[in-house]
Amino acid sequence: MSIEADTPAPPNRSAWLGECFERAREGDRAALRAIVQELNPLLWHVARSQGLSREDAADVVQTAWLELIRSLREIRTAAALTSWLVTITRREAWRVRTRSQRQLPDSDGILGGLADPGPEAAHGLLTSERDRVLWRHFQQLPERCQQLLRIVAQVDRPDYAEVAQAMGMPHGSIGPTRGRCLAKLRQSLLDDPEWSRQ
Amino acid sequence: MSAADPLDDLDHAVLSRLSSIYGRVDPPPPDLNDRVMFAVALDDLLVESLDVEVARLGYDQLVGSGARAAERIRTITFDAASRTVMMTIADRPDNLVRIDGWLAPGEAVRVELRLPEPSAARSAYADDTGRFVFEGVPHGLAQVLVHPPSGTDRPVLVTPSLVL
């Protein structure tokens, strides 16, 4: 199998990631790029869900990858790779957040520290009615649930439980069962005639 | 239809729609992949398995009026367990930048500034007090490596990439 830089992940993502990881460990730059492209959105959302500004989040994601390069030999499998990166990103995000809370606002300012666009800001980007309904109900969830579902939405089914655990969520938060957060979102969607009508 | 039930198609459809929404309301910066690849593309480190210490961005602050590009000075620090790297980055009238750096604790070691290909990496030597200078550096991505004194087995200190 040859790994092209812009090849999207095939259906068996975990096996593919494992193969890329093996090659990256041997110094294959294209394989490393494939892994970076595949996992960056996940790590981005991990950092952003922890309340970092976009600039700090980009920095934290880079730091996590640099730490990975340092620890390449310690990580055995692709599944371990994903949760390892999530754990490091979350830890780094926490470190940066506590640091920025100690300091006066810098050029990034208070506004730059806001984690998420509010429902109003997002509205213009959500052109489908179904997206708007989902987003509205999602925003009503407790913050921990929003964090969990935001992250889990970025990964494949077999990785739900492990990634949730790496996010510091209790066992059984999601995968293999639905878990409290998704059950709550699902119920509020099904109760909404606007969702059911579509 | 409780929390203890297995995930079904509707659950997956909801998660997949959520992922797509987040891709629009808060997408990663378009250059994030390139920045990561630049920061980790340390071929010699990968191949020779050199020991690396990763420095973290301490703070990054723009000083001065900013009214004219030539007056803008940015102060940036990177922290690691072994030492701190402080840099002031000043815009020059010729659209290049000058970097004045200090290592704390100070030590006469080689400091390397990696730039994206095809630009070659540059080297500067810090003096005993840890001061070093890079003149005429182009804007764009860069990464700083602080090499240990030759003959020691201390790790190379690397920073995340920064945008000059």
Förster radius 45 Å - calculated FRET efficiency between A:TRP94 and A:ASP191 (Cβ-Cβ, nearest 0.05): 0.80
For the protein assembly as shown: rounded, prolate or oblate by the Cα gyration tensor [a/c cutoff 1.5]: prolate
Could you calculate the FRET efficiency of B:ALA90 with B:ASP153 from 1/(1 + (r/R0)^6), where r is the beta carbon distance between them and R0 is 35 Å, rounded to 0.05? 0.45
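Nearest 20 debye, what's the magnitude of the dipole of the protein assembly as shown about its Cα centre given +1 on Lys and Arg Cβ and -1 on Asp and Glu Cβ? Let's see the in-between values first.
On the way: 42 positive and 51 negative charges, 161 e Å.
Roughly 780 debye for the protein assembly as shown.
So how strong a dipole does the stretch A:115-192 carry about its Cα centre when Lys and Arg Cβ are +1 and Asp and Glu Cβ are -1, to the nearest 20 debye?
Details: 10 positive and 10 negative charges, 47 e Å.
So the magnitude is around 220 debye.
Take every Cα-Cα pair in chain B and report what % of them are more than 28 Å apart.
Within chain B, distances greater than 28 Å cover 36 percent of Cα pairs.
Just add up the charged neighbours of B:GLU53: K/R +1, D/E -1, any other residue whose Cβ is under 12 Å from the Cβ of B:GLU53. Working shown, then result.
Working: positive: A:ARG70, B:ARG56, B:ARG83, B:ARG154; negative: A:GLU67, B:ASP51, B:ASP79.
Summing Lys/Arg as +1 and Asp/Glu as -1 gives +1.
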Projecting each Cα onto the charge dipole of chain B (Lys/Arg +1, Asp/Glu -1 at the beta carbon, about the Cα centre), which of B:SER2, B:GLY106, B:PHE38 comes out farthest on the positive side? B:GLY106
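None of the figures in this text is laboratory data; all of them are computed from the coordinates on show. Keep in mind it's a predicted model, so treat the numbers as computed, not measured. Quick reminder, even Gly has a Cβ in these numbers, built from the backbone with ideal geometry, and neighbours come from all protein chains shown.
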